[in-house]
Every structure is written in C-alpha cells, then in structure tokens.
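Okay, structure first, notes after.
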Amino acid sequence: MGFRRHGPFRAGDQVQLTDPKNKRHTITLKEDGVFHTHKGAIPHSDLIGQPEGSVVRSSGGTQYLAFRHLLQDYTLAMPRGAAVIYPKDASMIVGMADIFPGARVVEAGVGSGALTCFLLRAVGPEGHVTSYERREDFADVARKNVEKFYGESMEANWRLVVGDLVASIDEIDVDRVILDMLAPWECVDAAAKALTPGGVICCYVATTTQMSKTVEVIRDHGCFTEPHAWETLVRDWHVEGLAVRPDHRMIGHTGFLVTARRMADGVTPPPRRRRPKGTTEEL
C-alpha cells in the first residue's frame, strides 16, 4: 500500500531535505527537476539512484540530508483546508482506539486528511476506512493530500463521502468510529447503530465544554461503557553532553480524546460507584 518506502531514490519519490539548521523542504523527484533555494540549487539527478540517508550539496555549498519523509512530517506540511490532527493525537487515536490491520473504520470530519492517512496505514490493505466530510472544499483538499501520499493504491480501501454522517452513513458492524467535529454528541446514536458489539467510539474535541457534553451524551446513551477522557502533552529534551534538560518549548494542548466501548444490544451498563464525599476509602 502506498509508494515504495525503501531502497534507492527514484523519480516520483517524495524526499525531505534537511539543512544544517534543521529546516526541512519536501520535493517530488523528477528526472530533469531542480530544487532551488537561496543556498543554491540541487539537481534532482543528484538524488535519483542514491540510497536513503544520503547527503547532497547545493551549488552554494550547503549540505542537505535526504530521506523519504515520515508520515508525521508529511501531515504537518500538507496543504490545509481545515486544521489537521497533530501526529501526537493521531498516534494516540490509532493506539488507544486500537485501530488494527483489517479493521473497518468510519471517521467523520475528515478535515485535511491527516488522520485519514494514519488510519489507512493502520488498517492496511485488508481493512477499510470510510470518511465523511460535510464540506466539499475540505473533502477536495483531503482527497488530494491522501492521494499524494498513497497514490492510487488506497482506492480499494478508502471511501470519501461528502455529506453528514447521521444522514449518510450506511455502514453496519464497523469496528471503530472516529468523530472529529464541533458537536460529536450529535453522532453518538448513529455511531452506536454502526458499531459492532465491542467496537470503539473515539471523539476528538478542542474544548472542555465539548469534552463534557460528549462524555455526558455517551454516558447517558446506554449502549456504551463508561467513557474515558484525556489529553496528551509532548515535551522534547535538550541533550548535549552533561547539559540535559527539558526543552523550552513543548507541544501542549491540542485537543481532548474521549473513548468508549460498544456493549451488546439489550445490555444495561452496571451503575457507576462513586467515592463518598469526605472519605478516602474505595467503594
């Protein structure tokens, strides 16, 4: 699935060039192409046929490290119609919602297609992703971004629907439903009808009020286990000899994630047991 991810560079490959200041440029190799920068030009022919991880020098003498870009790099650099789900959150969705090879996944709110790229890789050639997007302009951007990364190889296991999830969904027995929208609680019932027992609903929201509303609607619906809500913060570290310290900047709040499992039809979830106020004993 997708373009070749190893071996010598060839025409058509998307290559990421990184300069000594860690500035990155993504180019698509062409037989007669030339990459121009204020630090000089690099003919694409200098890269074609070279192994991944090579160093090329511009006409101005600057060295660039050349790799095929990682999916996280691609999604951060892709053209945007809507804001993208950051790699740290996309990775958590894939991991915590247990997106597995062969899974049938429905996502609503495709945006610019960043999460779609992660989902397609996770489900593999035997799985399937259906993406619902209300806005046709966003859907067009997402389609171009996904096709640029995967080529035509994703056509067999990806369907992009321009329309509202509640009005348009026709899937049943799906394994996972991912909701990235302003009001995911409006789609909880549709998600419950589409999910197979044991399936996972995962909602991505930006604010605490959205998170609270989403959790309460899932909790009150009656078909799901107790929802779990959290956020992920990522902090880099500076490591040079004995100078080891947290970096001054970090990827802080981007959004909240809420997950729950679909129970079997007709089953009532056990009542929640809360700790009494003023005590520290577990019930």
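The values are calculated or read from the model by the stated rules, or taken from the named source; none is laboratory data. A quick note: this is a predicted structure, and the numbers were derived from the prediction, not measured. FYI the Cβ positions are ideal-geometry reconstructions off the backbone, even for glycines, and counts take in every protein chain you see. Heavy atoms of the whole protein, side chains included, go into the accessibility calculation; ligands, DNA and RNA do not. Shrake-Rupley method; radii C 1.70, N 1.55, O 1.52, S 1.80 Å.
Miscellaneous remarks
- Cross-chain or 6+ apart pairs with Cβ under 6 Å, the range 239-257 first and free of Cβ contacts under 8 Å to residues at least 24 places away in the same chain, then among the charged types (D, E, K, R) and open to solvent by 60 Å² or more (accessible area, probe 1.4 Å): Pro246/Arg235; Asp247/Asp236; Met250/Arg235
- Taking the criterion of being part of a loop (DSSP other than H, G, I, E, B), in contact with a Ser or Thr (Cβ under 8 Å, 6 or more places away or on another chain) and open to solvent by 80 Å² or more (accessible area, probe 1.4 Å), the residues of the range 47-86 that qualify are Pro79, Arg80, Ala83, Tyr86.
- When Phe9, Phe100 are checked against the criterion of being crowded, with 20+ Cβ neighbours inside 10 Å and either among the basic types (Lys, Arg) or in a loop (DSSP other than H, G, I, E, B) (or both), a single residue qualifies: Phe9.
- Count - residues of the range 106-120 that are in a helix (DSSP H, G or I) and in contact with a strand residue (DSSP E or B) (Cβ under 9 Å, 6 or more places away or on another chain): 4
- On inspection, Ser131 fails the criterion of being more than 20 Å from Tyr86 (Cα to Cα) and touching a residue at least 12 places away in the same chain (Cβ under 8 Å).
- Cross-chain or 6+ apart pairs with Cβ under 8 Å, the range 262-283 first and closer than 29 Å to Pro197 by Cβ and part of a loop (DSSP other than H, G, I, E, B), then hydrophobic (A, V, I, L, M, F, W, C) and at pLDDT below 80: Arg273/Leu283; Arg274/Leu283
- Annotation: of all residues in the range 191-234 being over 16 Å from Ala264 (Cα atoms), β-branched (Val, Ile, Thr) and part of a helix (DSSP H, G or I), the one that is least open to solvent (accessible area, probe 1.4 Å) is Thr214.
- Single residue of the range 31-46 satisfying the filter (hydrophobic (A, V, I, L, M, F, W, C) and over 30 Å from Phe118 (Cα atoms)) that is most open to solvent (accessible area, probe 1.4 Å): Val34
- The conditions of being over 15 Å from the mean Cα position of the chain (by Cα) and in a helix (DSSP H, G or I) are met by Glu155.
- Tabulated pairs, the range 213-233, first over 14 Å from Pro184 (Cα atoms), second at pLDDT below 95 and surrounded by fewer than 17 Cβ atoms within 10 Å (Cβ to Cβ), C-beta under 6 angstrom, 6+ apart or interchain: Thr232/Lys88; Leu233/Gly252
- On inspection, Lys213 does not qualify as among the charged types (D, E, K, R) and at pLDDT below 95.
- Candidates Val177, Val166, filtered to the one that is under 21 Å from Cys223 (Cβ atoms) and within 15 Å of the chain's Cα centre (by Cα): Val177
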